[in-house]
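Everything below concerns the one structure shown next.
The values are calculated or read from the model by the stated rules, or taken from the named source; none is laboratory data. All of these numbers come straight from a predicted model, not from anything done at the bench. Counting neighbours? That spans all protein chains shown, and the Cβs are built from the backbone with ideal geometry, glycine included.
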Ligand SMILES: [Zn+2]
């Protein structure tokens, strides 16, 4: 009988459409077969997954791992440990590093700095240079098939695209190049107008009022109109309000190439929590009201939203607790993403079983990001021929997320002491264990996913 490198035996193998008990056979880092449980096949290494759910390695399509140039906040080695401890095996890193990822050479230099330090596989979103949007023309699919633009700025995002003519040009360039555009969609002109009138916020409690939903609603309406005019695919990041959720869902329903993301932070906290958490949950876009959070959860459960990302954006705690105008928005989250999403789902739908809820996680954090961002021929599904990226998850486990669990270099979490339901027990990337609760971390040999992975799009 054939001998495989690895057998993951008897787990509840989870896809976007459901769960079945199966044995997964792995050879050469790829899934060779998914067989009925009790198949009797053998492997050099065998892992008993009885009683565990086995999900495809999760994809976080929105992280700021701060490499290069901001490694005093976070570095790739720490951030990728946080990722695999949370079941994430592939990340898409954002371009607002120093230097920013504005050219193919920037992307290649970034890869050179990361290589040998990463427990996860990775791709980059290219950065849109507001002074020269046509610089995107130089990217080949090897370097990037997605580009991120900021329509408003903050401490670590100084490159704001303010000129409507340039924004229009960006849509034309992206359409020509076949790039998907990602947006921080808050309108800078709306915020500047309000700042001139009412000044800067004096406390965290006022933050939501000073960076209101109107900024997001105006920006989203403009992006929908541009998508209609140019036909360019658009993915709106970290949607925070019920009005934006409605507009984007309606636009998608008319057949426009418009998709959107929510973050676990916006699903986990409300503006009322700011009184207790203060700077720790200061985010851009702001965390809004209960009714907004309810709408975002509805979008998760109805399948209106396409991806859930972490927006992992660590800052040193000393910076976070500066006075309100000086404290940078953003918080760590790649490690907390899956447990926070699953715990939230359990609270929202207490009568649902893990077999009903985990396919939702799989769709939002594996299948859909793989499809949208061009790596579905390697990632996002447990099927023969794809990379053997697997997460063993104990759905019944209740546990507290404590200081000893934190892997991010920043060393703090907004979820300190939270009681999570469901815990990642082991994470496998390309057939090798990169994290296990008993054995720690594996080898940092994650790869920049290159041409074969994007070949399907060419
Ligand atoms: Zn972000």
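Listed here are the residues, each with its yes/no results for (1) within 15 Å of the ligand (Cβ to nearest atom); (2) at pLDDT below 95; (3) not in a helix (DSSP H, G or I).
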| position | (1), (2), (3) |
| --- | --- |
| 265 | yes, no, no |
| 273 | no, yes, no |
| 279 | no, yes, no |
| 292 | no, no, no |
| 304 | no, no, yes |
| 315 | yes, yes, yes |
Query raised in the report: From the list 126, 172, 147, which residue is at pLDDT 95 or above, over 25 Å from the mean Cα position of the chain (by Cα) and either within 26 Å of residue 78 (Cα to Cα) or more than 16 Å from the ligand (Cβ to nearest atom) (or both)?
Result: 172
Report summary line: Inside segment 281-290, the number of residues satisfying the requirement of being part of a loop (DSSP other than H, G, I, E, B) and within 16 Å of the ligand (Cβ to nearest atom) is 6
**Report entry** Matching residues in segment 78-98 - criterion: being closer than 13 Å to residue 66 by Cβ and in contact with a helix residue (DSSP H, G or I) (Cβ under 9 Å, 6 or more places away or on another chain)
**Finding:** 80, 91, 93, 95, 97
Report summary line: Across segment 106-129, the tally of residues that are touching a strand residue (DSSP E or B) at 6+ places or on another chain (Cβ under 6 Å) and free of Cβ contacts under 8 Å to residues at least 24 places away in the same chain stands at 0
Query raised in the report: Got a number for residues in segment 204-234 being more than 30 Å from residue 257 (Cβ to Cβ) and in contact (Cβ under 8 Å) with a residue 40 or more places away in the chain?
Result: 5
Report task. Identify, from the list 364, 392, 386, 358, the residue that is over 19 Å from the mean Cα position of the chain (by Cα), buried (at least 22 other Cβ atoms within 10 Å of the Cβ) and at pLDDT 95 or above. Result -> 392
Query raised in the report: Across segment 203-222, what is the total count of residues that are within 16 Å of the ligand (Cβ to nearest atom) and either surrounded by fewer than 23 Cβ atoms within 10 Å (Cβ to Cβ) or over 25 Å from residue 177 (Cα atoms) (or both)?
Result: 3
Query raised in the report: Condition test on residue 165, is it at pLDDT 90 or above and more than 16 Å from the ligand (Cβ to nearest atom)?
Result: yes
Query raised in the report: Could we say that residue 334 is surrounded by 24 or more Cβ atoms within 10 Å (Cβ to Cβ), assigned by TED's automatic domain parsing to the domain that holds residue 287 and within 16 Å of the ligand (Cβ to nearest atom) here?
Result: yes
Requested in this report: Out of 200, 225, report the one residue that is away from the ligand (no atom under 16 Å from the Cβ), more than 26 Å from residue 414 (Cα to Cα) and surrounded by fewer than 20 Cβ atoms within 10 Å (Cβ to Cβ).
Outcome: 225
Report task. Determine if segment 130-144 includes at least one residue that is out of contact with any strand residue (DSSP E or B) (no Cβ under 8 Å at 6 or more places or on another chain), within 16 Å of the ligand (Cβ to nearest atom) and assigned by TED's automatic domain parsing to the domain that holds residue 327. Result -> no
Report summary line: Here the residues within segment 123-136 that are surrounded by 23 or more Cβ atoms within 10 Å (Cβ to Cβ) and out of contact with any helix residue (DSSP H, G or I) (no Cβ under 7 Å at 6 or more places or on another chain) are 123, 125, 127
Query raised in the report: Name the pairs: first residue in segment 187-203 and touching a residue at least 60 places away in the same chain (Cβ under 8 Å), second residue assigned to a helix (DSSP H, G or I), Cβ to Cβ under 6 Å, at least 6 apart or on different chains?
Result: 201/207; 201/210
Query raised in the report: Given the structure, is residue 341 over 15 Å from the mean Cα position of the chain (by Cα), more than 16 Å from the ligand (Cβ to nearest atom) and in the same structural domain as residue 235 (by TED's automatic domain parsing)?
Result: no
Report summary line: Taking segment 181-197 and keeping only residues that are closer than 30 Å to residue 141 by Cα and either within 16 Å of the ligand (Cβ to nearest atom) or surrounded by fewer than 18 Cβ atoms within 10 Å (Cβ to Cβ) (or both), one is left with 181, 182, 183, 184, 185, 186
